[in-house]
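Every number here is computed from the coordinates shown, using simple stated rules; none is lab data. Here the structure is a predicted model, which is why all the values come from computation and not from measurement. Here the Cβ positions follow ideal geometry from the backbone for every residue, glycine too, while neighbour counts run over all protein chains shown.
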Amino acid sequence: MAAPGENLRINPDRLWDSLMEMAKIGPGVAGGNNRQTLTDEDGEGRHLFKRWCEDAGMSVAVDQMGTMFARREGTDPDALPVYVGSHLDTQPTGGKFDGVLGVLGGLEVIRSMNDLGIRTKHPIVVTNWTNEEGTRFAPAMIASGVFAGEIDLDWAYDRTDAKGKRFGDELERIGWKGEEEVGARKMKAFFELHIEQGPILEDEGIDIGVVTHGQGLWWLQFTLTGKDSHTGSTPMPKRRNAGLGMARITELVHEVAMDFQPDAVGAIGHVEVYPNSRNVIPGKVVFTVDIRSPDLDTLTQMRERIEDGAATICEALDIACDVEAVGHFDPVAFDEGCVSAIRDAAERLGYSHRNIVSGAGHDACWINRVAPTAMVMCPCVDGLSHNEAEEITKDWARAGADVLFHAVVETAEIVE
Ligand code: HGY
Ligand code: MN
Ligand code: MN
């Protein structure tokens, strides 16, 4: 029987095998994954995860946003559970580990508890949050946002993808729309294991990122409206070129982010051009500006400068400019008690570690609003993510999951 804080270790081969097994579902075209939310592939991955959880003795519940909760009983059924998890959905050109490591790392904690005969006072719940990526249906972290009471359920159901399909309809179609009220569950704590998705840990040769904060984010969807016309016969002064407006705003976003270095990033990753014909000046473009900063005041100034600058650009080009905020959360400071549990675990297990601010958004950023929350990160090769070439090593996965194991079972209070 393991004693509190004893040198608990997960089974790295079993974790790695499960990661590789899940990666077979929704394969990409270059070795990664395309398992986008609410697709048939997402549904298949959910079924596999559910089967694994049931094989590990857990009961699986699903809420109205499709989020999955796999529960391992504690000795006190009334004690608030400790939650652990992340997301199984991926980018269209995603990697095998973004999100998946956190869900299957949580499952590996349960499997290891079963192997070692560990009992805890508090139940433990492994969670798969629906649509963390926000790539098919904006915004990102939509299900954890509804759970935290920051996003309205019906607004979420009405989100549409590029083909006009509704979130709520697709959730029903794949058979993963649960009955449970979103957010009714109360948590003692939530822990999320995630790859860093940046270069710091690998560059410094450090095993574990103790995530103290997360960047804040705005997703601003711009719709510029000019006039379709012939690229050959329309005189330059008479053009109302929405594409040119987008190009100038793209440059503006980069300049604003560079003005606030090192505490700012900005880019445009989503673009729709209409009519998208080689010999038609685009009369309409729709694109999403993604700006982030760990500092709230910086984030606010960035948004103001970009929206004011875009209005000036569009006025000069005689095109209309509409902006809709389709995603937002403020910078996050994680719970110091949970952060310490992670740092102490890394220390006791002999893993090198450092404090780190998460550049990417995570479900933990919303759950931190409703429960004590913290994250543990492991390195990834070249800091690359949201790319099919995303890679980690088995040792990095082991280190992250070992630390997660300690943080979760100690917070859940091991019972002798
Ligand atoms: O956008 C993000 O930071 C996350 O990968 N969804
Ligand atoms: Mn992720
Ligand atoms: Mn991601």
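Taking amide hydrogens as placed 1.01 Å from N in the peptide plane, the amide H of Tyr83 sits under 5 Å from those of Val125, Lys188, Ala189, Phe190, Phe191, each at least 5 positions away in sequence or on another chain. For Lys50, the aspartates and glutamates whose Cα comes closer than 13 Å to its Cα, not counting residues fewer than 8 places off in the same chain, are Asp42. Rounded, prolate or oblate: which fits the stretch 131-207 when a ≥ b ≥ c are the square roots of the eigenvalues of the alpha-carbon gyration tensor, with rounded for a/c under 1.5 and prolate only if a/b beats b/c? Cα axes put the stretch 131-207 in the oblate bin. Each 10 Å bin, from zero up to the one with the longest distance, holds this percent of the alpha carbon pairs of the chain: 5, 22, 31, 24, 11, 5, 2, 0, 0.
Across the stretch 316-329, coupling constants 3J(HN,Hα) worked out from phi with the 6.51/-1.76/1.60 Karplus curve, θ = phi - 60°, read 5, 9, 6, 10, 7, 10, 10, 10, 10, 6, 9, x, 6, 8 Hz, and Gly and Pro carry x. Put in order of Cβ neighbour count within 10 Å, fewest first, the listed residues Thr37, Thr160 become Thr160, Thr37. Seen through its C-alpha gyration tensor, with square-root eigenvalues sorted a ≥ b ≥ c, the stretch 236-372 comes out prolate because a/c lies at 1.5 or above while a/b is bigger than b/c.
Taking θ as phi - 60° and the Karplus parameters 6.51, -1.76 and 1.60, the scalar couplings of the stretch 189-196 work out to 6, 9, 10, 10, 8, 8, 5, 5 Hz in sequence order, x denoting glycine and proline. Overall shape: prolate for the stretch 210-280, with the ratio a/c of the largest to smallest alpha carbon gyration tensor axis at 1.5 or above and a/b above b/c.
Which residue fluctuates most in the GNM of the chain (Cα springs below 10 Å): Met65, Met141, Met113? So, out of Met65, Met141, Met113, the one fluctuating most is Met113.
Database remark: amide H of Trp219 closer than 5 angstrom to the amide H of Val326, Gly327, His328 (H placed geometrically; neighbours at sequence offset of 5 or more, or on other chains; Pro and chain starts carry no H).
For the pair the stretch 223-283 / the stretch 157-206, the C-alpha centres are spaced 31 Å from each other.
Neighbours of Ala184 by Cβ distance under 15 Å: Lys/Arg scored +1, Asp/Glu scored -1, total -1.
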